[in-house]
Amino acid sequence: MSDPLVLVDPTTASFEFADLAAAQLPVTDHSAHRGDGIFETVLVSMGVDGATVVNRERHFTRFRSSASALELPDPDDGLWDRVIDAIIAEVVAAEPGISEFGIRYAMSRGQQGADGQFRPRGWAFPVPVDDHIRSARAQGVTAVSLDRGFDAYIGSKAPWLLIGAKTLSYAVNQAAGRYAAEHGAEEALFVSHDGVVLEGPTANLIIRRGDRLLTPDPEAGLLAGTTQRLIFERAEEVGLRAEYADLRLEDVKTADAAWFVSSMRTAVALRELDGNAIPVDDELTARFQAIVRAG
Ligand code: PLP
């Protein structure tokens with residue numbers, strides 16, 4: 001896959017192509033040493049009608065609400081749309097047969113100028129759907145549950161925790177993934193300190209119980225997922241009712257099926273949690289994957 005990088009200047013609403021392999025970010029940028037910024041990763045799915053940016057609007061709406069939570073400037077939708085379209089054009093020109101790829105776009109607080117003001121900085125680049133993702137889609141994953149360290153529904157009392165914002169501070173999420181791997185699992189499943197199931201470090205959880213699809217309420221302390229919402233919107237098509245619920249680990253372990261869902265994974269079966277096997281519904285997994293791919 002070609003690897004263009006687009007550097008975005010949110011202040012002048014302009015952008016330019018740059019070299020992804022070359023250094024671009026001053027170390028004094030607050031994203032580099034504070035993780036002070038926001039991002040989105042969208043799936044671009046190629047079909048007979050060209051490129052579909054899956055959940056394009058939902059991603060941008062979340063980008064705006066993350067900006068608002070961090071008191072960053074409101075992102076300009078026209079600008080970021082042009083950036084995404086420019087990357088798609090580059091990737092498709094370089095690899096006309098490509099079937100899908102991701103685009104990661106981000107905005108940092110930027111550097112502090114002599115006047116004390118910050119000048120935000122943006123960027124965007126493509127990310128491949130790699131073998132790791134493809135094998136998780138095909139084979140499902142195992143997970144261990146991990147304490148997220150806060151009680152459910154704390155977000156409204158503690159807005160500084162930025163729960164629900166997609167920030168560039170993912171060190172905890174990365175550490176959870178490593179911890180899971182060290183303990184023989186492919187994924188982590190975060191649970192609030194008081195026992196409410198939340199999400200994976202980079203994915204939402206959906207379970208099936210009979211004819212119901214259940215997912216944790218984003219207000220409980222997790223990122224409102226674009227993929228989860230797309231699947232919920234289309235649940236009736238697969239004969240299921242979709243509901244938000246407070247789930248305990250026992251609910252997941254005794255579910256009829258469970259999935260981690262996210263933009264790049266689409267839907268991945270969770271086939272084992274803390275050593276307990278969970279039934280895998282291959283047909284429904286394939287339906288969910290197709291629903292997400294079609295956008
Ligand atoms: N939860 C977290 C913490 C995430 O980082 C992500 C995506 O990366 C998700 C959930 C799933 O969100 P989406 O479906 O919008 O990709």
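The values are calculated or read from the model by the stated rules, or taken from the named source; none is laboratory data. Here the structure is a predicted model, which means the values were calculated and not measured. When we count neighbours, we look across all protein chains shown, and the Cβ atoms used for this are built from the backbone with ideal geometry, even at glycine. When the accessible area is computed, the model is the full protein with side chains, heavy atoms only, and any ligands, DNA or RNA have been set aside. Shrake-Rupley method; radii C 1.70, N 1.55, O 1.52, S 1.80 Å.
Could you work out how far the C-alpha centroid of the range 206-265 sits from that of the range 96-158, in angstrom?
Spelled out, the Cα-based centre of one part sits 20 Å from the other.
Could you work out how much longer the chain between A22 and S99 gets when fully extended? Use 0.36 nm per residue separation minus the Cα distance between them, nm to one decimal. Could you put the intermediate results ahead of the total?
On the way: separation 77, 0.36 × 77 = 27.72 nm, distance 2.71 nm.
Additional length available on full extension: 25.0 nm.
Taking R0 as 35 Å, what's the FRET efficiency between D151 and D74 from their Cβ-Cβ distance, rounded to 0.05? Show your work: numbers first, answer last.
Working: r = 31 Å, r/R0 = 0.90.
FRET efficiency, D151 to D74: 0.65.
For a paramagnetic label modelled at 7 Å from the Cα of E57 toward its Cβ, which residues of the range 219-237 fall within the zone defined by backbone nitrogen distances under 16 Å?
226-227, 229-234
Give the value in nm², to one decimal: projected area of the alpha carbon convex hull of the chain, averaged over all directions.
On the way: hull surface 62.7 nm².
If you wrap the Cα atoms of the chain in a convex hull and average its projections, you get 15.7 nm².
Rounded to the nearest 0.05, what FRET efficiency do D251 and S169 have when you use their Cβ-Cβ distance and R0 = 35 Å?
On the way: r = 29 Å, r/R0 = 0.84.
The calculated FRET efficiency here is 0.75.
For the range 205-290, place one equal point scatterer on every Cα, skip the solvent, and apply the Debye formula. What is log10 of I(q)/I(0) at q = 0.13, 0.17 Å⁻¹?
Log-scaled intensity ratios, in q order: -0.36, -0.63.
Which whole-number percentage describes the relative contact order of the chain, with Cα contacts under 8 Å and a sequence gap of 6 or more?
Numbers: 597 pairs, mean separation 55.8, N = 295.
Taking the mean separation of contacting Cα pairs over the length of the chain, I get 19 percent.
For the chain, what is the accessible area per residue in Å², given a 1.4 Å probe and the full set of protein chains? Don't jump to the answer; show the numbers that get you there.
Values: 13580 Å² over 295 residues.
Value for the chain: 46 Å² per residue.
Give the average over all directions of the projected area of the C-alpha convex hull of the range 134-294, one decimal, in nm².
On the way: hull surface 34.8 nm².
Reported value for the Cα convex hull: 8.7 nm².
Suppose only helical runs count, i.e. DSSP H with n ≥ 4. What mean residue ellipticity at 222 nm does that imply for the chain under -39500 (n - 2.57) per run, divided by all residues and rounded to the nearest 500 deg cm²/dmol?
On the way: 8 runs with 84 residues, N = 295.
After summing the helix terms and dividing by residue count, I get -8500 deg cm²/dmol.
Given a Förster distance of 30 angstrom, what is the FRET efficiency for D3 paired with R212, based on the Cβ-Cβ distance and rounded to 0.05?
Values: r = 42 Å, r/R0 = 1.42.
After rounding to 0.05, the efficiency reads 0.10.
Please report the accessible area of D85 (heavy atoms, 1.4 Å probe, ligands and nucleic acids excluded) in Å², nearest 10.
About 80 Å², rounded to the nearest 10.
May I have the convex hull volume per residue, in Å³, for the Cα set of the range 4-129?
Taking the convex hull of the Cα positions in the range 4-129, it is 108 Å³ per residue.
If only Cα atoms are counted, what is the Rg of the range 42-199, and what is its Dmax, in Å?
Just the Cα atoms of the range 42-199 yield Rg and Dmax of 18.5, 54 Å.
Quick check: from the Cα gyration tensor, does the range 111-189 come out rounded (a/c under 1.5), prolate or oblate?
Values: a/c = 2.78, a/b = 1.42, b/c = 1.95.
Oblate.
For a quick check, take a GNM of the chain with Cα springs below 10 Å and name the residue from V252, V127, V172 with the largest mean-square fluctuation.
Judging by the Gaussian network model, the answer is V172.
Over the chain, with a Gaussian network built from C-alpha contacts below 10 Å, which listed residue (A258, A242, A21) shows the highest mean-square fluctuation?
A21
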